[in-house]
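The block underneath contains the structure these notes are about, expressed in structure tokens.
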Ligand code: AMP
């Protein structure tokens, strides 16, 4: 069980808003533990586990999986990590019920919420242009950060592929779900002293400076 010295950073952003990228930079800088529900679920799908088979269709359609299921993932990750310098939650909470649940299970921890705000036209280009290496996981964007050779990873020469839910027809549904379910989470946190907003339309390195300033100030 984590105690009051445990730091929890909640990264909020629309799909394609840079949560994963910023989380990785925070891990490198502060040695924190990255918890991405989306990554956990994608791994289950890839391994074709029972859980993976259950959530595959939901994810491919751009919908949210059940609150109970993601709660289990979050709680087990938060509690099983013995020696952590803090946690970064990437993609959780996605609705107000999840935010309330998170409050309850982190009441003994220090929590800061960072919303990375990104304009919708940016988000669509980031999502539709996103590719990742099938072998090492490195992320590219065919518009903003292409690989040197198209469809080939600069680092390991692996094949670059697109996430199933980054296809154009699914992007609009993910954005609709975000507006309907996740945007109210911002209002839920907005009045708190631990809520911060960062302009996410800039270069990831600049966004990181801002986010790192907020995270670095946590005692
Ligand atoms: P992400 O990688 O964060 O974009 O998540 C990919 C997909 O995983 C989402 O579109 C949902 O289907 C599912 N997912 C991730 N996080 C959550 C969450 N907190 N609640 C429900 N579903 C989630």
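No value in this document is a laboratory result; all are computed from the given coordinates. Keep in mind it's a predicted model, so treat the numbers as computed, not measured. Positions of Cβ are backbone-derived with ideal geometry, glycine not excepted, and every protein chain shown enters the neighbour counts.
Quick notes on this one:
Residue by residue, here is whether (1) in a loop (DSSP other than H, G, I, E, B); (2) touching a helix residue (DSSP H, G or I) at 6+ places or on another chain (Cβ under 7 Å) holds:
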{"position": "94", "(1), (2)": "yes, yes"}
{"position": "113", "(1), (2)": "no, yes"}
{"position": "116", "(1), (2)": "no, yes"}
{"position": "127", "(1), (2)": "no, yes"}
{"position": "131", "(1), (2)": "no, no"}
{"position": "140", "(1), (2)": "no, no"}
{"position": "148", "(1), (2)": "yes, no"}
{"position": "157", "(1), (2)": "yes, no"}
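- From the list 43, 75, the lone residue that is touching a residue at least 12 places away in the same chain (Cβ under 8 Å), under 17 Å from the mean Cα position of the chain (by Cα) and not in a loop (DSSP other than H, G, I, E, B) is 75.
- Scoring residue 55 on the criteria (1) under 15 Å from residue 165 (Cα atoms); (2) in contact with a helix residue (DSSP H, G or I) (Cβ under 6 Å, 6 or more places away or on another chain); (3) away from the ligand (no atom under 15 Å from the Cβ) leaves a single failure, condition (3).
- In the range 166-216, counting only helices (runs of 4 or more DSSP H) that sit wholly within it, the ones holding 3 or more residues that are on the phi < 0 side of the Ramachandran plot, within 13 Å of the ligand (Cβ to nearest atom) and more than 16 Å from the chain's Cα centre (by Cα) span 168-177.
- Count - residues of the range 89-105 that are buried (at least 20 other Cβ atoms within 10 Å of the Cβ) and more than 13 Å from the ligand (Cβ to nearest atom): 0
- Taken together, the criteria exclude residue 38 from residues that are closer than 25 Å to residue 163 by Cβ, more than 14 Å from the chain's Cα centre (by Cα), within 8 Å of the ligand (Cβ to nearest atom) and buried (at least 18 other Cβ atoms within 10 Å of the Cβ).
- Among the residues of this structure, residue 17 does not count as one that is at positive phi, under 17 Å from the mean Cα position of the chain (by Cα) and within 11 Å of the ligand (Cβ to nearest atom).
- From the options 159, 198, residue that is within 22 Å of residue 96 (Cβ to Cβ) and either surrounded by 13 or more Cβ atoms within 10 Å (Cβ to Cβ) or without any contact (Cβ under 8 Å) to a residue 60 or more places away in the chain (or both): 198
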